[in-house]
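Below: the structure, in structure tokens.
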Amino acid sequence: MGTPRILLTNDDGIDAVGFRAMYDALDAFADVTAVAPAEDQSAVGRKLSR
């Protein structure tokens with residue numbers, strides 16, 4: 001069957017502590033691709049633009 005492939009995403013930014021912890025845990029047994037913004041983008045969809 002081979003090595004699992006996992007796409008790990010978030011909106012808290014690439015440097016979020018929990019994101020790194022999850023990546024490290026999954027990387028022990030899977031091929032992990034991490035996708036996240038450079039900075040925190042939480043709740044950006046709720047912002048009003050002018």
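Accessible surface ranking for Ile14, Ile6, 1.4 angstrom probe, highest first: Ile14, Ile6.
Counting Lys and Arg as +1 and Asp and Glu as -1, each charge on the Cβ, what is the dipole of the chain about the Cα centre in debye, to the nearest 20?
Working: 5 positive and 8 negative charges, 64 e Å.
With only Lys, Arg, Asp and Glu charged at Cβ, the dipole is about 300 debye.
If you count only protein heavy atoms with a 1.4 Å probe, what accessible area per residue comes out for the chain, rounded to a whole Å²? Write out the running numbers ahead of the final one.
Values: 4240 Å² over 50 residues.
With all protein chains present, the chain gives 85 Å² per residue.
Each label point was placed 7 Å from the Cα along the Cα-to-Cβ direction; for Ala28 and Asp15 their separation is 2.7 nm.
Using equal-weight Cα scatterers in the Debye expression, the normalised intensity of the chain in log10 at q = 0.13, 0.14, 0.22, 0.29 Å⁻¹ is -0.38, -0.43, -0.78, -1.06. Using a 1.4 Å probe on the protein chains only, how many percent of the accessible area of the chain belongs to carbon and sulfur? Of all accessible area on the chain, carbon and sulfur atoms account for 53 percent. Can you tell me the orientation of helix 17-27 relative to the chain, as the angle in degrees between its alpha-carbon axis and the longest Cα principal axis, to the nearest 10? That works out to roughly 20 degrees.
The values are calculated or read from the model by the stated rules, or taken from the named source; none is laboratory data. Because the structure is a prediction, the values reported are computed rather than measured. With ideal geometry, Cβ positions are generated from the backbone for all residues, glycine too; neighbour counts draw on all protein chains shown. Keep in mind that these areas ignore ligands, DNA and RNA; they rest on the heavy atoms of the full protein, side chains included. Shrake-Rupley method; radii C 1.70, N 1.55, O 1.52, S 1.80 Å.
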